[in-house]
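Peer 1: Here's a structure for you.
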Amino acid sequence: MMSSIALLHGAGYVGGELVKLLHRHPHVSLEAVTSRTYAGEPLSAAHPALRSQVSLDFIAPDDLDLSGIDAVVVAAEHGRGMIVVPALRRQGFTGPIVDLSADFRLSDADTYADWYGASHSAQDVLSDALYGLPELSAPYPPDARLIANPGCYATGLSLALAPVAAQQVPLSAHITACTGASGSGASPSAATHFPDRDGNVRAYQVLSHRHTAEVQQTVGTHIDLSFVPVSGPWTRGIWGTVQMTWPNGLKEEDLTEWFTASYETSAFVRLSPGALPELRPVVDTPFVDLGWHVSGRRVVIGFALDNLMKGAASQAVQNLNLLLGLPDTTGLLASSRRSPAVIA
């Protein structure tokens, strides 16, 4: 059975990835893609790679007809999700929604105001949202209708920290993570201007990046987070390390046991005991790669993922699959068979 999908605000980088994934998905039909800027133009106007592949035209958000639509994916910028999602409900839409903005990720409205500098205008909807990091949050209740797709950094950091956080040992985690230019979005800025970014590395939002709040909410307050995000001179992908000191020392086998137990049924987590991951193998894939190194009391956990895929679009499709009662791998892997998480 095919489910009809509408993609709202699909002209950005993540929107382009979502169109590709949904267009080739075996159990969904992409029926509508909205954009204020490109309304009336073919999808290839914003996503040239889709030329001769997808025949849809963008439509204006106000022209979207929700009749016959089974589920909605919202790829709006932060601050728009809390406008778009309530509007869908006012129009009578009762199907599942996956929202990729930051607007429903934090369960406490006051926490949202602290980190995003604005009050939350849809607190009644916020209480219905579920944070959607499938490896840690699924399965979802049968009546789940709104999934808040995690942020890109938050996805990597939370998956890297969760098996350690589960040991309930108070720790300080010192994190440095580098992201490519696409993490800044499709709108150009001084930070993404090629002559300034090429060959350069620049820290930003030191100890104050908004995704820290998501990670803290996920792993618990017994993990003290110190996060330094960095802009790297590439287009897509996040690579980072978490460094911590374990009170009484650890063996590599301990971490291998914890991570394997946490992710042995997770098709999109690839583990490398004793070795930190590289960036290139995850680019253009739906995977997050995790690895670790232990030396006495010192522990380093490395993580790598594509910010546009596992950090956004492919994770949204994972969540959509789960809301539609499908295996989370549907449309993302050539086979739905789950392979062992640990790789050589």
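Peer 1: From a point 7 Å beyond the Cα of Ala186 in the direction of its Cβ, which residues of segment 47-85 have a backbone N at a distance under 17 Å?
Peer 2: Once the point is set 7 Å along Cα→Cβ of Ala186, 47-62, 73-81 turn out to lie under 17 Å by backbone N, inside segment 47-85.
Peer 1: If you take every DSSP beta bridge fully contained in segment 221-344, what fraction is antiparallel? Give it as a percent rounded to 5.
Peer 2: Working: 16 of 22 bridges.
Expressed as a percentage, antiparallel bridges in segment 221-344 total about 75.
Peer 1: Now a separate question. ³J(HN,Hα) across segment 89-104 via Karplus (A = 6.51, B = -1.76, C = 1.60, θ = phi - 60°), whole Hz, x for Gly/Pro?
Peer 2: Values, residue by residue: 5, 5, 7, x, 6, 10, x, x, 10, 10, 10, 9, 6, 7, 6, 10 Hz.
Peer 1: Can you find, among Gly81, Pro42, Gln91, the residue sitting farthest towards the positive end of the charge dipole of segment 1-117, where Lys and Arg contribute +1 and Asp and Glu -1 at Cβ?
Peer 2: With unit charges placed on the Cβ atoms, the residue in question is Pro42.
Peer 1: If I fit a long axis through the Cα atoms of helix 152-165 and take the longest principal axis of the Cα atoms of the chain, what angle between them do I get, 0 to 90°, rounded to 10?
Peer 2: The helix 152-165 is inclined about 40 degrees to the chain.
Peer 1: Roll a 1.4 Å probe over the protein chains and send me the accessible area per residue for the chain in Å².
Peer 2: Values: 15110 Å² over 344 residues.
Dividing the accessible area of the chain by its residue count gives 44 Å².
Peer 1: Could I ask something else about it? At a 1.4 Å probe, what is the % contribution of carbon and sulfur to the accessible area of the chain?
Peer 2: Numbers: 7500 of 15110 Å².
Of the solvent-accessible surface of the chain, carbon and sulfur hold 50 percent.
Peer 1: Between Glu252 and Asp114, what FRET efficiency follows from the Cβ-Cβ distance if R0 is 35 Å, with the result rounded to 0.05?
Peer 2: Numbers: r = 38 Å, r/R0 = 1.08.
The computed FRET efficiency comes out at 0.40.
Peer 1: Dipole of segment 260-317, Cα-centred, from +1 at each Lys and Arg C-beta and -1 at each Asp and Glu C-beta, to the nearest 20 debye? Present the calculation step by step, with values, prior to reporting the outcome.
Peer 2: Working: 5 positive and 5 negative charges, 51 e Å.
Dipole magnitude for segment 260-317 comes out near 240 debye.
Peer 1: Can I ask one more? Taking θ as phi - 60°, what are the ³J(HN,Hα) couplings along segment 173-182 by the Karplus curve (6.51, -1.76, 1.60), each to the nearest whole Hz, with x for Gly and Pro?
Peer 2: Each residue of segment 173-182 in turn: 10, 9, 10, 10, 9, 10, 10, x, 5, 5 Hz.
Peer 1: Still on this model: Quick one: of the DSSP bridges fully inside the chain, what percent are antiparallel, nearest 5?
Peer 2: Bridges in the chain are about 40 percent antiparallel.
Peer 1: What's the magnitude of the charge dipole for the chain around its Cα centre, counting Lys and Arg as +1 and Asp and Glu as -1 at the beta-carbon? Answer in Debye, nearest 20. Before the final figure, lay out the partial values.
Peer 2: Numbers: 21 positive and 32 negative charges, 123 e Å.
That gives a dipole near 580 debye.
Peer 1: In nm, to one decimal, how far is the modelled label at Thr235 from the one at Ala60, with both set 7 Å along Cα→Cβ?
Peer 2: Spacing of the two 7 Å Cα→Cβ label points: 3.3 nm.
Peer 1: Please name whichever of Thr241, Leu271, Thr218 sits farthest to the positive end of the charge dipole of segment 210-308, dipole taken about the Cα centre and charges placed at Cβ: Lys and Arg +1, Asp and Glu -1.
Peer 2: Towards the positive end, the residue furthest out is Thr241.
Peer 1: Separate question: At 7 Å along Cα-to-Cβ for each site, give me the label-to-label distance between His27 and Ala87 in nm.
Peer 2: Those two pseudo-labels are separated by 3.0 nm.
Peer 1: Could I ask something else about it? Looking only at Ile69, Ile238, Ile147, which one moves most when the chain is put into a Gaussian network model with springs between Cα atoms under 10 Å?
Peer 2: Most flexible of the set in this elastic network: Ile69.
Peer 1: Run the numbers for Arg297 and Ala275: contour at 0.36 nm per residue of separation, minus the present Cα-Cα distance, in nm.
Peer 2: Working: separation 22, 0.36 × 22 = 7.92 nm, distance 1.70 nm.
So the chain would gain 6.2 nm between Arg297 and Ala275.
Peer 1: As a test, work out the antiparallel percent of DSSP beta bridges whose residues both lie in segment 137-284, rounded to the nearest 5.
Peer 2: Here the share of antiparallel DSSP bridges comes out near 45 percent.
Peer 1: Using each residue's phi in segment 196-208, evaluate 6.51 cos²θ - 1.76 cosθ + 1.60 at θ = phi - 60° and report the 3J(HN,Hα) Karplus result to the nearest Hz, with x for Gly and Pro.
Peer 2: With coefficients 6.51, -1.76 and 1.60, one gets 8, 8, 4, x, 10, 10, 9, 7, 8, 6, 5, 6, 9 Hz.
The values are calculated or read from the model by the stated rules, or taken from the named source; none is laboratory data. Not measured: the values here are computed from a predicted model. All Cβ positions, glycine included, derive from the backbone under ideal geometry; neighbour counts span all protein chains shown. For the accessible areas, the whole protein counts, side chains as well, though only heavy atoms, and no ligand, DNA or RNA atoms are used. Shrake-Rupley method; radii C 1.70, N 1.55, O 1.52, S 1.80 Å.
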